[in-house]
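Working notes, structure below.
Since every read-out is calculated from the coordinates, none of them should be taken as a lab result. Note that the structure is predicted; figures quoted are calculated from it, not measured. As a convention, Cβ positions derive from the backbone with ideal geometry for all residues, glycine included, and neighbour counts pool all protein chains shown.
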Amino acid sequence: MLLNLRLTMESGQPPEFLWQRRGSRYFRMLETRAELWQEGGKLRYSGCSHEYVRRMLRLGDELEEIYGVLCRDEVLSRAVRSFRGLRLTLSDPWETLVAFLCSVNSNIPRIKRCVQAIMGMAGGRMPAPEVLVEAELKHARLGFREKFIRRSAAMVAEGALYGIEKLDFQEAKRELMNLPGVGEKVAECVLLFGYGFLEAFPVDVWIARAMRHYFGVAPRRIASFAERWEPYQGYAQQYLYMLAREELKP
DNA sequence: CCCCAGGTTGTAG
DNA sequence: CTACAACATGGG
């Protein structure tokens, strides 16, 4: 089983915000305290089921097949060489939505602080939407994101996420973008990391930078250009994101 | 003081 | 339709 747990858990995906690292282990509260680690390449876990881990780390994805698609160009080949074993992850849609509402015009360390502050109010668990609506959030220092999160929580409490997983990608994206604070980028992140739509290709500043620098592609043409990696645009995006952060530091 | 961060929104042209 | 300042906060 090809897996680099550390890369996967610390690559700007929801688990980086939802889990905490102690030494080389990762933990969070689920029904009880869950823990994840790797010993000699072998994945170990406690406090959660095998099915849970398999789903969150997408262990069913055939990385070698995916690499075959990504490696059609030299840039992604280099990214695959550098980040072999990095997997996409799948988290709870509501948790994913909150995390990426926190991500708006922010940075990884602060996103994590915000998410952990929100979960800290509920014993380390993500508060249910109807709880978050009424919660005192000043202490989480969410800034202008607080009203987005509160208003989105109200809509989710009224069923805004119900049935999203049954829609096709474009319909689901349109639905998500009805939520306050959810634009194209956040919607695609939720679809990719919270619903598992591998055709999603979220465009943040790093991806925009990478597409221009490596491929000479302007922002408007990114989505269609990314079709070269179909049906694994989401994987291409994650590897490109990591490569850009390593090679294109401003 | 400046600019940037896994952006979105409202407004003006 | 496109362009762009404002939005809160913290780090560099």
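Values as computed for the structure displayed
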read-out	value
FRET efficiency, 1/(1 + (r/R0)^6) with R0 30 Å, evaluated for residue A:7 and residue A:32 via beta carbons	0.70
Spin-label pair residue A:44/residue A:71, simplified geometry with 7 Å Cα→Cβ offset, distance in nm	3.2 nm
Ordering of A:191-202, A:237-248, A:207-218 by burial proxy (mean other Cβ atoms within 10 Å per residue, highest first)	A:191-202, A:237-248, A:207-218
Extension reserve of the residue A:139-residue A:174 stretch, reckoned as 0.36 nm per residue once the Cα distance is removed	9.4 nm
Taking the stretch A:93-193 and dividing mean pair separation by its residue count, relative contact order in percent (alpha carbons under 8 Å, at least six apart)	31 percent
15 Å beta-carbon shell around residue A:25, net charge (K/R +1, D/E -1)	+3
Debye equation applied to the C-alpha atoms of the stretch A:93-193, log10 I(q)/I(0) at 0.13, 0.19, 0.21 Å⁻¹	-0.41, -0.88, -1.07
Size of electric dipole in chain A: Cβ of Lys, Arg +1 and of Asp, Glu -1, about Cα centre, debye, nearest 20	1020 debye
Whole-number percent relative contact order across chain A, with pairs defined as alpha carbons under 8 Å at least 6 apart	20 percent
Of A:112/A:138; A:112/A:147; A:42/A:112, those spanning more than 21 Å from alpha-carbon to alpha-carbon	A:42/A:112
Dipole of chain A, positive end: most advanced residue of A:36, A:66, A:155 [Cβ charges, Cα centre]	A:36
222 nm mean residue ellipticity, helices alone, for chain A (DSSP H n ≥ 4; -39,500 (n - 2.57); rounded to 500)	-14000 deg cm²/dmol
Gyration tensor verdict on the stretch A:1-60 (Cα atoms; rounded if a/c is under 1.5, prolate if a/b is larger than b/c, oblate otherwise)	rounded
Percentage, to the nearest whole number, of Cα pairs in the stretch A:45-109 over 15 Å apart	66 percent
Intensity falloff of chain A expressed as log10 I(q)/I(0), Debye formula with alpha-carbon point scatterers, at q = 0.09 Å⁻¹	-0.38
